[in-house]
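Take a look at the structure below.
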Amino acid sequence: MVTKLLHTRMRVNDIERTVKFYEQALGLKVSRRHTSPRGAQLVFLATPNSDEEIEICQMPPGAPAVQVQPDLMHLAFAVTDLKAFAAELEKKGFKLSDGPTTTGSGSLIAFIDAPEGYEVELIQKG
């Protein structure tokens, strides 16, 4: 029986660029780094107020490049004040790619593009 979600893995071409984005734009923290037995570089990012982590993986040289399809998947993070958060993102040099938009339930959502073509959804609960 499954008891808990531990992490979500995202494969990337440039691990340092991706880690820098999640640290600078979203304030996530690196919890650990290591090389897998297959030679992949792995970085785990801790998410605030959550036990789940995001695993960023860069395969060894010679592996096929990552090509993320549009709308393949996204990560969603809760924020308390989306407009203030978006203003802080802009000060750091990041821009929303979509939104803010009010949903039918009254939540406010927006998206920011992460490196490699992944999307990040920001949600202010209604």
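The values are calculated or read from the model by the stated rules, or taken from the named source; none is laboratory data. Worth saying up front: this structure is predicted, and the values here are computed from it rather than measured. Note: ideal-geometry Cβ built from the backbone for every residue, glycine included; neighbour counts use all protein chains shown.
Here are the numbers for this structure:
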read-out	value
Scan of the range 89-126 for residues that are farther than 14 Å from residue 79 by Cβ, hydrophobic (A, V, I, L, M, F, W, C) and in contact with an Asp or Glu (Cβ under 6 Å, 6 or more places away or on another chain), ordered by number	none
Top-ranked residue in the range 12-38 [being β-branched (Val, Ile, Thr) and in a strand (DSSP E or B); ranked as nearest to residue 49 (Cα to Cα)]	30
Residue in the range 2-22 that is loosely packed, with under 12 Cβ neighbours inside 10 Å, more than 14 Å from the chain's Cα centre (by Cα) and either within 16 Å of residue 120 (Cβ to Cβ) or at pLDDT 95 or above (or both) present	no
Among residues of the range 40-77, those that are under 16 Å from residue 23 (Cα atoms) and under 12 Å from the mean Cα position of the chain (by Cα), counted	11
Qualifying positions in the range 60-96 - out of contact with any Lys or Arg (no Cβ under 7 Å at 6 or more places or on another chain), surrounded by 12 or more Cβ atoms within 10 Å (Cβ to Cβ) and assigned to a loop (DSSP other than H, G, I, E, B)	63, 68, 79, 94, 96
Lone unmet requirement of (1) hydrophobic (A, V, I, L, M, F, W, C); (2) more than 28 Å from residue 125 (Cβ to Cβ); (3) at pLDDT 95 or above for residue 66	(3)
Test result for residue 9, more than 18 Å from residue 115 (Cβ to Cβ), part of a strand (DSSP E or B) and either in contact (Cβ under 8 Å) with a residue 12 or more places away in the chain or in contact with a helix residue (DSSP H, G or I) (Cβ under 8 Å, 6 or more places away or on another chain) (or both)	no
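Residue-by-condition table, conditions (1) in contact (Cβ under 8 Å) with a residue 40 or more places away in the chain; (2) among the small types (Gly, Ala, Ser); (3) over 27 Å from residue 5 (Cα atoms):
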| residue | (1), (2), (3) |
| --- | --- |
| 22 | yes, no, no |
| 40 | no, yes, no |
| 46 | no, yes, no |
| 53 | yes, no, no |
| 92 | yes, no, yes |
| 101 | no, no, yes |
| 106 | no, yes, yes |
| 114 | yes, yes, no |
